[in-house]
Amino acid sequence: MGEAGVFVQGELLPPGQRTVRGWPVSHYGPVPRFRADRWSLQVFGATATGEKYSWTFDEVMALPSTTITADLHCASGTTTTGHEFFGVPATVLLELAPPAPEVTHVMAWAEYGYSANLRLADFTAARTLMATHHGGEPLTAEHGFPLRLVVPHLYGYKGPKWLRAIEYMTQDRRGFWEERGYHNIADPWTGRRHSYQEDDDE
């Protein structure tokens, strides 16, 4: 075991985290109402072609999918373990809508204008998933149906519920919680949750 984590019930946890049972609901603002005929997933910004891309709900559901098992770490200090998510790997989106060579970051946009910025390397990580199902069942509305970004290696605020768009960016720009004092990188294994803990290059 490294010094960064602690063992709890046989599992390695990031510093300052504690396990909780179940899957607590946590989000900012109301739960949106899903309307399939008005819903789309979009990719825009610095795409390789300069074009904007869009998929309907049925088209997203038909994309190549996979299953991952992941722990979720909340910046409030709670961790829930053993989540089984099914959905579209973020790398599939990169293949369908390639970014321009100079893209370094993405902004994940959700309902009501919520946003979370990620380094491109975090978005393209092997286990980053646009989830449609949890535990073999469609996501509930409270947990992000129809589409939730899951980035298991970062704090939960980097994985918006009710995902609607990915913006390719050639320079970083802070998202909703990052503008409100949360750490820009959100790596739970460093134990740094707040922007005042950032290094100069973050």
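Using only side-chain charges placed at the Cβ, +1 for Lys and Arg and -1 for Asp and Glu, the dipole size of the chain relative to its Cα centre rounds to 620 debye.
Each residue in 55, 177, 23 was given a count of other beta-carbon atoms within 10 angstrom of its own, and listing them fewest first yields 23, 55, 177.
Per-residue Cβ neighbour counts within 10 Å put 96, 118, 139 in the sequence 96, 139, 118, beginning with the fewest.
Taking the Cβ of each residue in 169, 61 as the centre, tally the other Cβ atoms inside 10 Å and list the residues starting with the fewest.
Working: 169 19, 61 14.
With the sparsest Cβ surroundings first, the list reads 61, 169.
Considering only beta bridges that DSSP places wholly inside the chain, some 85 percent are antiparallel. If only the Cβ of Lys and Arg carry +1 and only the Cβ of Asp and Glu carry -1, the dipole of the range 23-118 around its Cα centre is close to 280 debye.
Might you report the magnitude of the Cβ-based charge dipole of the range 81-154 about its Cα centre, with Lys and Arg at +1 and Asp and Glu at -1, to the nearest 20 debye? Before the final figure, lay out the partial values.
Working: 3 positive and 7 negative charges, 26 e Å.
Result for the range 81-154 is approximately 120 debye, rounded to the nearest 20.
Its DSSP H runs of at least 4 residues, each contributing -39,500 (n - 2.57), put the calculated 222 nm mean residue ellipticity of the chain at -1500 deg cm²/dmol, to the nearest 500.
A short reminder: the numbers here are calculations on the coordinates, not readings from a lab. Values in this document were obtained by computation on a predicted structure and should not be read as measured data. Glycine gets a Cβ as well: all are built from the backbone with ideal geometry, and neighbour counts include every protein chain shown.
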